[in-house]
Amino acid sequence: MKAVILAAGRGKRLYPYTKYIPKCLLEIGGETILEHQINHIRDCGIDEVVIVVGFGFEKVENFLRNYDGLGMKIKTLYNPFYQTTNSLISLWIARGEMDSDMVVMNGDDVFEIDVLEQALRMRDEKICLPVKRKTNYEDEDMKVIIQESKIVDISKNLDGRASAESVGVRVFRDTGVELLKRSIEEEMRTGGAENKWYISAIHRLIKKGYKVKSLDIDDLFWMDVDYPSDLFKARLNSDKFIKKSYQERVLRVVETS
């Protein structure tokens, strides 16, 4: 299994924190978001990571090169269109890596390791999307409608019909990987593809009748860091998802493309 981290975005909503630093390198609880994610990925038994970079790619790769010893294969792919595109393009750039079971995560997500562990335990599910139920949903939330544990719709525009919010850590296994790859290719051939989130490819699969399993993470901590207020909240709650022993961890880039 491998992990794909989508970390190409400009992060304008996090200004001024991301004026010079890509948001995946923002520090929370003594480590960067990227380091936090890779630590969790490694501790879940995944030893191959693909990071799609864009804004500040030199800083990301320099950060990774300055560490050594994890024994993981970490590869970066460059999205040259990061300033004018969304996550569909970034995942499309990584389509050549879709040759085994994979977990896809956004480069601004912080979460308890149990979120990833529970998703990986769903071995019989070809596509598994962790979700979190909330009392109220914001316009920016990627919302889902769930029926009998299956996701039957996913969008930011569900107008009060939402069952839960989709967590930005998603697992694809076996035929689910090929289905995602094929759906991404189909989405790339539609109008406005450059502005779409890769969730549009999952939405396409749902509408075709493919099963997308939901996994309720209950009270486990997860959030995406989109705004300065999110960064402040994540730092206040860092003890929930960051292990202090990680501060001496080291990483290594072995290949860039």
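The values are calculated or read from the model by the stated rules, or taken from the named source; none is laboratory data. Worth saying up front: this structure is predicted, and the values here are computed from it rather than measured. Because the Cβ atoms are built from the backbone with ideal geometry, glycine has one as well, and the counts that use them run over all protein chains shown. Accessible surface is based on the protein model in full, side chains and every heavy atom, while ligands, DNA and RNA are left aside. Shrake-Rupley method; radii C 1.70, N 1.55, O 1.52, S 1.80 Å.
Quick rundown of the values:
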item: Length added when fully stretched, Glu58-Lys12, from 0.36 nm per residue minus Cα-Cα; result: 14.7 nm
item: Most mobile listed residue (Gly30, Gly54, Gly209) in the chain, GNM with C-alpha springs under 10 Å; result: Gly209
item: Long-range amide H partners of Ile51 with built H, under 5 Å; result: Ile5, Lys75, Thr76, Leu77
item: Solvent exposure ordering (accessible area, 1.4 Å, most first) of Phe81, Phe55; result: Phe81, Phe55
item: Sum of -39500 (n - 2.57) over DSSP H runs of 4+, divided by residues of the chain (222 nm, nearest 500); result: -7500 deg cm²/dmol
item: Rounded to 5, the percent of DSSP beta bridges in segment 35-187 classed as antiparallel; result: 70
item: Net charge dipole size for the chain [Lys, Arg +1 and Asp, Glu -1 on Cβ; Debye, nearest 20]; result: 420
item: FRET E, pair Gln83, Glu138, Förster distance 35 Å, beta-carbon r, rounded to 0.05; result: 0.85
item: Listed residues Leu180, Ser214, Leu231: farthest to the positive end of the dipole of segment 159-232 (Cβ charges); result: Leu180
item: Average Cα contact separation per residue, segment 62-191, under 8 Å, 6 or more apart, as relative contact order %; result: 31
item: Relative contact order (percent, whole number), the chain, Cα cutoff 8 Å, 6+ residue spacing; result: 29
item: Mean Cα-pair separation over length for segment 128-242, i.e. relative contact order, pairs under 8 Å, 6 or more apart, %; result: 32
item: Gyration tensor over alpha-carbon atoms, segment 147-187, equivalent ellipsoid semi-axes in Å; result: 23, 13, 10
item: DSSP bridge pairs, segment 1-62: antiparallel proportion in percent, nearest 5; result: 25
item: Of all DSSP beta bridges in the chain, antiparallel share, percent nearest 5; result: 50
item: Given charges at Cβ of Lys, Arg, Asp, Glu: the chain dipole, positive-most of Met105, Asn39, Leu116; result: Met105
item: Within segment 106-142: backbone nitrogen closer than 16 Å to the Leu158 label point (7 Å, Cα to C-beta); result: 128-142
item: Cβ-placed point charges (K, R +1; D, E -1), dipole of segment 160-230 about Cα centre in debye, nearest 20; result: 580
item: Relative packing of peptides 121-127, 136-142, 111-117 - highest average C-beta neighbours within 10 Å first; result: 111-117, 121-127, 136-142
item: Distant alpha-carbon pairs in the chain (separation over 27 angstrom), percent; result: 31
item: Dimensionless Rg ratio for segment 72-199, taking C-alpha atoms and the 2.2 N^0.38 Å reference; result: 1.08
item: Å³ per residue enclosed by the Cα convex hull of segment 142-225; result: 118
item: Solvent exposure, largest accessible area first (probe 1.4 Å, DNA, RNA and ligands not counted), of His40, His203; result: His203, His40
